[in-house]
Amino acid sequence: MKIQKPVIIGNWKLNGNKKSIHDMFIPLTDFIINNSIHNTIIILPPNLYLDYIYKIIYQKNIVLGSQNIDLNCSGAFTGETSILMLKDIGIKYVLLGHSERRKNHHEDDMLVAKKFQLIKKFNCIPILCIGENKNEKLKNKTKIIIQKQLDLIFNLCGDNAFDRSIIAYEPIWSIGTGIIPDPEYINNIHQYIKNYINKIKIVNHSEHTNTLFIYGGSVNEKNIKIILKEQDVDGVLIGGAALQYNTFSTIIKLSQLH
Ligand code: 13P
């Protein structure tokens, strides 16, 4: 996994069309070249547009990923996307465990763990979202929730599960609200996740390798610098602010300067 930090990931969710794709990607590729941007930029558009965008940015400096896959690789599963299909069109990064899928599609920790296992099996790179809701935060349960979200993956995939992976800490109460936690709080949770993963691996006398720890939730051009200043933040996962060329390119530029 050759990712240049800080990694900037834009999750388009259910947004975008051919026009916004042209308005965004053609200037963005120019912007990245003209400003000598060398950190890794990953965009997660709706799956339907992946191949279309892939052709526009072929051999350019933007990487594409999928927002979701099915657990099945082929067969009678109407409406789903298979990891084999993604690989077929050159996609390596897959988002999973996003709170919107957990909530709206009833994806539980076990399903997320199985998807994680599948992504690793096919040598792709998971971008795993974890994090607590508001109630859990108020009850001081953040670390317990996170541990539970990680444990099933460890059980299924072994001690090295998180090698070559991206873990996105996305507190649900921050997504789309304009509110972010204190940057020190973000760093503290990242440290906790890192230590937890390392503690399990220490049994095997190995350190986590190629695991990136990124933050998501209301990231924008005003707060990007203070978030990236934190030592254990390797990048960000952005929703709303990744949809407009101006905002997103400003964020990318500022991410170089932190
Ligand atoms: P916002 O940046 O719109 O809060 O969304 C964050 C997110 O859910 C990214 O996956």
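The values are calculated or read from the model by the stated rules, or taken from the named source; none is laboratory data. These numbers come from a predicted model, not from an experiment. Backbone-built Cβ (ideal geometry, glycine too); neighbour counts: all protein chains shown.
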Problem - Count of the stretch 163-187 residues which are within 16 Å of the ligand (Cβ to nearest atom), assigned to a loop (DSSP other than H, G, I, E, B) and at negative phi - result: 7
Practice task
Mind counting the residues in the stretch 125-144 that are buried (at least 19 other Cβ atoms within 10 Å of the Cβ), among the aliphatic types (A, V, I, L, M) and away from the ligand (no atom under 14 Å from the Cβ)?
Solution key: 1
Handout entry: Residue, nearest to the chain's Cα centre (by Cα), within the stretch 109-150, restricted to residues that are more than 23 Å from Arg164 (Cα to Cα) and assigned to a loop (DSSP other than H, G, I, E, B)
Key = Glu132
Exercise for the section: Please work out if Leu84 is in a helix (DSSP H, G or I), more than 16 Å from the ligand (Cβ to nearest atom), surrounded by fewer than 17 Cβ atoms within 10 Å (Cβ to Cβ) and of a type outside the set (Lys, Arg). Expected result: yes
Fill in the blank from the handout: Scanning the stretch 54-74 residue by residue, the ones that are in a helix (DSSP H, G or I) and either modelled with pLDDT of 95 or more or more than 19 Å from the chain's Cα centre (by Cα) (or both) total 2
Exercise for the section: Quickly run through the stretch 148-162 and pick out the residues that are under 25 Å from Asp182 (Cα atoms) and either within 16 Å of the ligand (Cβ to nearest atom) or out of contact with any Asp or Glu (no Cβ under 7 Å at 6 or more places or on another chain) (or both). Expected result: Gln149, Leu150
